[in-house]
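This is the structure I want to talk about, given as structure tokens.
The values are calculated or read from the model by the stated rules, or taken from the named source; none is laboratory data. Please read all numbers here as calculations on a predicted model, not as lab measurements. Here Cβ is always computed from backbone atoms with ideal geometry, including for glycine, and neighbour counts include all displayed protein chains. Heavy atoms of the whole protein, side chains included, go into the accessibility calculation; ligands, DNA and RNA do not. Shrake-Rupley method; radii C 1.70, N 1.55, O 1.52, S 1.80 Å.
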Amino acid sequence: MSSASGDPEVIVIGSGPNGLVAACVMARAGLKVLVLEAHATRAGGAVGSEQATLPGFVHDVGAAFFPFPRISPAFRALELHNEITLHNMPIESCHPAPDGSVACISRDLELSAQKFGDPRDGATFRALALWHKSVEPHILGFLLGPLPTLWPLIKLLPFDIFRFARIMLSSTGGLSRRLFHGEAARRVFPGLAMHVDIGPQDFTGAAVGYMLGMAAATAGYCIPEGGAQAVTDALVAILERHGGAVRLGSRATRVLVGAGGAEGVQLADGTSIRATRAVMADTSAPSLLLDLVDRQHVPGRVFKFMRRFPQGWGTFKIDWALSGPVPWAVPEARDSAVVHVGDSIADLQRFTDQVRRGEVPDNPYLVIGQQSLADPTRAPAGHHTLWAYSRVPSQLPGGWPAMAQQFADRVDARIEAMAPGFRALVLARRVVTPPELEAMDANLIGGDLGGGANSWNRQLVFRPMFPYFRHRMPVRRLYLCSSYTHPGSGVHGMCGYNAARIALRDLGA
């Protein structure tokens, strides 16, 4: 089935996890695949690692914790778990507040029950996690598969379908108030949902918070040994074993379109590469349909929508090199892979309102990663790395350079209040603003980590827009396989997996 000439049969633009998964699936089907990556020295996009602060301190540039390597159908099909070493902490997610209250999620559900704030809330969470565990394969089949995917839900009992639907249609604040008594437990799902641009009062927002919470209780927030780059390197190795290749330093600037549809790609240096069967884009939807494809090939309605495409919040990220572990006042945080800092539902809603008004938050919500606690290869002996981000406006009236260090100091102060002595441990700090995140990875438009907005009307058949929710683009033989398609953000590879399966079906391969 391979090409008679030297041309690849399939070109994949971008080597993020979705692009690499799509490439692996196509290569395993016997097609000749070439992946084009703009970065000059490494594949992976936002899934990578660098010594960004001091020599010997390995920091993840983007994604850092992985709930899906053991449970994603894409990664299971590729047997990714055999290629990497995964670590977990005793506590997967810790949610402390300045008042000393705390709620924790562990894969040990008895430990979760003991540490989830109020004992009544611990019992409720344990029962919920046990129920979720019993239906998780069907729920994941529904949420992650190519649309439409109703068959997995049909296998559930009517009560299970009703319970799941009620959760999915709730706001995170509404679900938390319905389930839990104490504020410590109530802030957990809203805090998790703010990994993307979902506030506590947003309709259907509970879907993200609930699924991230349940993932922590089942698969856990896995930490790949050596850094997130290990995930990318494993996918590249799988691709190469099946005859595929990655070409670094190759920025695509145009999709070549002929009478039969997408026929290849032109690079920034003027080189044209022919694809005899298909082109797959692990890019943002606006970039593909506004920049890479000539205007004449894009329907007017699509072009207009892409020009006003709704992006998610910006992201402000910090990496630290530390002389020791963070001295959290709440001891549970010292054993946690991820620490989520948000004081209450009201505090998280106030934060949401500030970001949506374009203001720099004065009490930042934080996602804090402590990878080196589980993986000592990340730092010199006795030392540690720390990784954190907050959600912010993508742009500021005076520009981010004027505000970057001031906001980073605000983040430091927030951690210091929860972990007295933290600032004395800091050996070096790297600040990455939303524009710098986009410069690092063009898919992160304005620092948006979520593949566009994640509101209810940007999901399912509206992702990226109707009727292009099954990865096929307006140009024949052109497929979008990034997180801008269903099922969206997260390092699960399913956007690429679903796109590749649809493309193979179209190609009769």
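Taking 0.36 nm per intervening residue step and subtracting the Cα-Cα distance, what contour gain separates ALA402 from ALA329 on full extension?
On the way: separation 73, 0.36 × 73 = 26.28 nm, distance 3.23 nm.
Result: 23.1 nm gained on full extension.
Between ARG247 and ALA442, how high is the FRET efficiency from 1/(1 + (r/R0)^6) when r is the Cβ-Cβ distance and R₀ = 22 Å? Nearest 0.05. Don't skip to the end; give the middle numbers.
Details: r = 17 Å, r/R0 = 0.76.
It comes out at approximately 0.85.
Two decimals is fine: what is log10 I(q)/I(0) at q = 0.12, 0.15, 0.20 Å⁻¹ for the range 249-382, from a Debye sum with one equal scatterer on every Cα and no solvent?
Listed by q, the Debye log ratios stand at -0.80, -0.88, -1.11.
Kindly sort SER72, SER101 by accessible area of their heavy atoms, largest first, with the probe set to 1.4 Å.
Values: SER72 0, SER101 35 Å².
Highest to lowest solvent-accessible surface, that is SER101, SER72.
Determine the equivalent ellipsoid of the chain by diagonalising the alpha-carbon gyration tensor, then write out the semi-axes as square roots of 5 times the eigenvalues, largest first, rounded to whole Å. All intermediate terms of the calculation are to be shown ahead of the outcome.
Numbers: eigenvalues 259, 131, 97 Å².
With the √(5λ) rule applied to the chain, the semi-axes are 36, 26, 22 Å.
List the aspartates and glutamates whose Cα lies under 13 Å from the Cα of LYS133, skipping any in the same chain that are fewer than 8 positions away.
Filter leaves ASP108, ASP160.
Per residue, how much accessible area does the chain show when a 1.4 Å probe rolls over the protein heavy atoms, in square angstrom?
Values: 18530 Å² over 509 residues.
Normalised by residue count, the accessible surface of the chain is 36 Å².
Here's something else I'd like to know. Angle between the Cα long axis of helix 17-28 and the longest principal axis of the chain, 0 to 90 degrees, nearest 10?
40 degrees
If one takes the longest principal axis of the Cα atoms in the chain, at what angle in degrees, from 0 to 90 and to the nearest 10, does the Cα axis of helix 494-507 lie?
20 degrees
So, one more: Quote the FRET efficiency, to the nearest 0.05, computed for ASP160 versus ARG357 with a Förster distance R0 of 51 Å and r equal to the Cβ-Cβ distance.
The pair ASP160/ARG357 has a calculated efficiency of 0.80.
While we're looking at this one, here's another question. Could you give the distance between the Cα centres of the range 432-509 and the range 239-293, to the whole Å?
Value for the Cα centre distance between the two parts: 16 Å.
Right, another one. For the range 380-445, give the magnitude of the charge dipole about the Cα centre (Cβ charges: +1 Lys/Arg, -1 Asp/Glu; no others), in debye to the nearest 20. Walk me through the numbers before you get to the answer.
On the way: 6 positive and 6 negative charges, 38 e Å.
My answer is approximately 180 debye.
Would any residue of the range 124-168 have its amide N under 19 Å from a label point 7 Å out along Cα→Cβ of ALA77? List them or say none.
137-153
To continue, here is another question. In whole percent, how big is the carbon plus sulfur part of the accessible area of the range 201-292, probe 1.4 Å, protein atoms only?
On the way: 1440 of 3070 Å².
With neighbouring chains kept in place, the figure for the range 201-292 is 47 percent.
Extent of the range 253-296 along each principal axis, from alpha carbon coordinates, in Å, largest to smallest?
That gives 24, 24, 21 Å along the principal axes, largest extent first.
Now, a different point. Report the equivalent ellipsoid semi-axes for the range 345-473 in whole Å, largest first, defined as the square roots of five times the eigenvalues of the gyration tensor built from alpha carbon atoms. Display every interim value, and only then the final one.
Values: eigenvalues 189, 79, 46 Å².
After diagonalising the Cα gyration tensor, the semi-axes are 31, 20, 15 Å.
Would you grab the residues whose amide H sits under 5 Å from the one on HIS59? Only those 5+ places off in sequence or on another chain, please, with H modelled 1.01 Å from N.
Correct list: GLU50, GLN51, ALA52.
Using only helices, what value at 222 nm comes out for the chain when you add -39,500 (n - 2.57) per DSSP H run of length 4 or more and divide by the total residues, to the nearest 500 deg cm²/dmol? Working shown, then result.
Values: 17 runs with 169 residues, N = 509.
Computed mean residue ellipticity for the chain: -9500 deg cm²/dmol.
Turning to a different aspect of this structure: Quick one: angle between helix 345-356 and the longest Cα principal axis of the chain, in degrees between 0 and 90, rounded to 10, please.
Tilt of helix 345-356: around 40 degrees.
Given the options PRO380, ASN363, VAL341, identify the residue whose Cα lies farthest towards the positive end of the charge dipole of the range 323-391 (+1 on Cβ of Lys, Arg; -1 on Cβ of Asp, Glu).
Looking along the dipole axis, the top candidate is PRO380.
What nm value, rounded to one decimal, do you get for the distance between GLU110 and ARG308 when each label is placed 7 Å out toward the C-beta?
Going from the GLU110 label point to the ARG308 one covers 5.7 nm.
Charges at C-beta only: +1 for Lys and Arg, -1 for Asp and Glu. How large is the resulting dipole of the chain about its Cα centre, in Debye rounded to 20? Write out the running numbers ahead of the final one.
Values: 48 positive and 43 negative charges, 328 e Å.
That gives a dipole near 1580 debye.
Oh, and also: Keeping the other protein chains in place, figure out the carbon and sulfur percent of the accessible area of the range 381-458, with a 1.4 Å probe.
Values: 1780 of 3150 Å².
Using a 1.4 Å probe with all protein chains present, the range 381-458 comes out at 56 percent carbon and sulfur.
A follow-up question, please. Sorting check: for 329-335, 280-286, which peptide has the highest mean count of neighbouring beta carbons within 10 Å, and how do the rest follow? Intermediate values should be presented prior to the final figure.
Values: 329-335: 17.6, 280-286: 27.3.
Put in order of decreasing packing, that is 280-286, 329-335.
If you don't mind, there's one more thing I want to ask. Taking the Cα centre of the range 192-312 as the origin, how large is its charge dipole in debye, to the nearest 20, when only Lys and Arg (+1) and Asp and Glu (-1) carry charge on their Cβ atoms?
Details: 11 positive and 10 negative charges, 116 e Å.
Taking the Cα centre of the range 192-312 as origin, the dipole is about 560 debye.
Right, here's the next one. What FRET efficiency would be calculated for the residue pair TRP456, LEU130, taking the C-beta separation as r and a Förster radius of 35 Å, to the nearest 0.05?
Details: r = 28 Å, r/R0 = 0.80.
In this case the efficiency is close to 0.80.
Tell me, what % of the accessible area of the range 35-118 is carbon and sulfur with a 1.4 angstrom probe? Display every interim value, and only then the final one.
Numbers: 1460 of 3010 Å².
Taking all protein chains in place, the range 35-118 shows 48 percent carbon and sulfur surface.
Right, next: Using 0.36 nm times the number of residues separating PHE466 and HIS181, minus their current alpha carbon distance, what extension gain do you get?
98.6 nm
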